[in-house]
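Down below is the structure, laid out as structure tokens.
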Amino acid sequence: MKSIVIKQPNELVIEEREVPQPKSGEVRVKVKLAGICGSDSHIYRGHNPFAKYPRVIGHEFFGVIDAVGEGVDQSRIGERVSVDPVISCGHCYPCSIGRPNVCTSLTVLGVHRDGGFSQYAVVPSKNAYIIPDEISDEFAVMIEPFTIAANATSYLKPTENDIALIYGAGPMGLTSVQALKGVYNVKEVIVVDRIEERLDMAKISGADRVINNTSLSLKDELDKLSIKPTVIIDAACHPSILQEAISIASPAARILIMGFSGDACQITQQGITSKELSIFSSRLNANKFPVVIDWLTKKLVDPKKLITHQFDYSKVVQAIETFEKDQKQCCKVLLTFS
Ligand code: NAI
């Protein structure tokens, strides 16, 4: 089989490998489609502190089970499945309270262990979620990015009374917009970005209002409009944003961050406590595949609005470079494997 391997930072090869055999409790997935995420590019470029090389990247993937290991029902062969990349121990403290995404020995497919940019991938059986027939292959491969929004919103508990503001109209901001509007029906969703074309994508995904903050003060703009967001998601993840989010938030608002920057940011206790703000963080997803499968079945979100490019896996370098260089036209890039 062919696998896309990052041998070391900036060295990508399409390698011929043995088709892997599933071990006990595992299934083998014949991969059909995979999605490129920022973290794939970060591993390729050597900017992901968790990655070990060589690594088959890819943690958004969909395919068909074609073999099962010991202890897995043979009837699973032939199932169309989407794979949750979060592998957890099941018994540490976070696992015991339903948060396997921050397991003390967390393994993420495509980061800590070989992932889905390969013609075949072996994964734990319980990570392979069966996809109902009414969900297309292209939608099934988009489940993982939507689980990020499902995880974030599970903490924020949005309601129809909320005015939400999202920083960033990349894939993470857009899945959040769709969840807030399509699933939670929040009163107003405002999206802030510096790229006009991305703000257009935000409108297509359901944003009620967009603000380009390239050359204006967001706080002044919101004051002018008398808007005090009650829910804020930082899907742009610059370290300066939390401080601004605290200053623009309504009293009693909820703020959620999802960034991994190691740089310090300046916030004060007064800014948070005087408004009794709740600040959450969200990493990956905690058992949210069934939640997003349900959203898709009910047509509450529409992944098609994010998919801008599709390449054959043999063109992976071109695909990643397009993803990295063309933020104006490019949102979600899919790779076709079979
Ligand atoms: P992306 O780079 O495609 O999108 C980020 C967007 O934010 C861009 O459109 C950019 O123009 C905009 N932006 C940057 N600085 C801004 C600012 N100061 N104000 C307004 N907009 C600004 O990235 P993507 O894929 O949407 O991911 C967003 C972030 O989420 C990344 O930092 C990524 O590491 C993080 N992430 C976190 C996850 C988690 O589970 N916690 C999962 C996936 C991604």
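The values are calculated or read from the model by the stated rules, or taken from the named source; none is laboratory data. The structure displayed is predicted, hence computed values, not measured ones. Don't worry about glycine lacking a Cβ; one is built from the backbone with ideal geometry, like all the others, and counts go over all protein chains shown. Just so you know, the surface numbers come from the protein's heavy atoms only, side chains and all, with ligands and any DNA or RNA stripped out. Shrake-Rupley method; radii C 1.70, N 1.55, O 1.52, S 1.80 Å.
General remarks:
- Residues of region 1-38 that turn out to be not in a loop (DSSP other than H, G, I, E, B) and not hydrophobic (A, V, I, L, M, F, W, C), as a count: 13
- Any strands (runs of 3 or more DSSP E) falling wholly within region 46-130 and containing at least 1 residues that are of a type in the set (A, V, I, L, M) and in contact with a helix residue (DSSP H, G or I) (Cβ under 9 Å, 6 or more places away or on another chain): 60-68, 80-83, 128-130
- Scanning region 8-27 for residues that are open to solvent by less than 70 Å² (accessible area, probe 1.4 Å), within 18 Å of the chain's Cα centre (by Cα) and over 30 Å from ASP263 (Cα atoms) turns up nothing.
- So ASP200, is it within 21 Å of PRO145 (Cα to Cα) and not polar (S, T, N, Q): yes
- Pairs with Cβ under 6 Å, 6+ apart, first in region 232-248 and under 21 Å from ALA207 (Cα atoms) and open to solvent by 50 Å² or more (accessible area, probe 1.4 Å), second at pLDDT 95 or above and in a strand (DSSP E or B): ALA236/TYR167
- Neighbours by Cβ (under 7 Å, 6+ apart or cross-chain): first from region 312-338, more than 11 Å from the ligand (Cβ to nearest atom) and part of a loop (DSSP other than H, G, I, E, B); second open to solvent by 70 Å² or more (accessible area, probe 1.4 Å) and not hydroxyl-bearing (Ser, Thr, Tyr): SER338/LYS30
- A count restricted to region 280-311 and to residues that are of a type in the set (Ser, Thr, Tyr) and touching a residue at least 40 places away in the same chain (Cβ under 8 Å) stands at 2.
- Residue match in region 213-230 (condition: within 16 Å of the ligand (Cβ to nearest atom), open to solvent by less than 40 Å² (accessible area, probe 1.4 Å) and either within 30 Å of VAL86 (Cβ to Cβ) or among the hydroxyl-bearing types (Ser, Thr, Tyr) (or both)): yes
Residues are listed down the side, and each one gets a yes or a no for (1) open to solvent by 50 Å² or more (accessible area, probe 1.4 Å); (2) within 15 Å of the ligand (Cβ to nearest atom):
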position: HIS42; (1), (2): yes, yes
position: PRO49; (1), (2): yes, yes
position: TYR53; (1), (2): yes, no
position: GLY58; (1), (2): no, yes
position: VAL64; (1), (2): no, no
position: VAL72; (1), (2): no, no
position: GLU79; (1), (2): no, no
position: ASP84; (1), (2): no, yes
position: GLY90; (1), (2): yes, no
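Residues checked against (1) open to solvent by 40 Å² or more (accessible area, probe 1.4 Å); (2) on the phi > 0 side of the Ramachandran plot:
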{"residue": "CYS95", "(1), (2)": "no, no"}
{"residue": "PRO100", "(1), (2)": "no, no"}
{"residue": "GLY110", "(1), (2)": "no, yes"}
{"residue": "SER125", "(1), (2)": "no, no"}
{"residue": "GLU138", "(1), (2)": "yes, no"}
{"residue": "ASP162", "(1), (2)": "no, no"}
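- Qualifying positions in region 131-140 - touching a residue at least 60 places away in the same chain (Cβ under 8 Å), of a type outside the set (A, V, I, L, M, F, W, C) and either in a loop (DSSP other than H, G, I, E, B) or under 25 Å from ARG17 (Cβ atoms) (or both): PRO132, GLU134, ASP137
- Here ALA34 meets the list (1) open to solvent by less than 10 Å² (accessible area, probe 1.4 Å); (2) within 19 Å of the chain's Cα centre (by Cα); (3) away from the ligand (no atom under 16 Å from the Cβ) almost entirely, failing just condition (3).
- Total residues in region 259-297, condition within 16 Å of the ligand (Cβ to nearest atom) and open to solvent by 90 Å² or more (accessible area, probe 1.4 Å): 3
- One residue stands out in region 141-157 among those that are more than 12 Å from the ligand (Cβ to nearest atom) and farther than 25 Å from LYS23 by Cα: the one that is most open to solvent (accessible area, probe 1.4 Å), namely LYS157.
- Test: residue in region 155-169 that is free of Cβ contacts under 8 Å to residues at least 40 places away in the same chain, touching a Pro at 6+ places or on another chain (Cβ under 6 Å) and not in a strand (DSSP E or B): no
- First in region 172-190 and farther than 17 Å from ALA236 by Cβ and of a type in the set (Phe, Trp, Tyr), second anywhere and open to solvent by less than 10 Å² (accessible area, probe 1.4 Å) and within 14 Å of the ligand (Cβ to nearest atom), Cβ under 7 Å, 6 or more apart: TYR184/THR153
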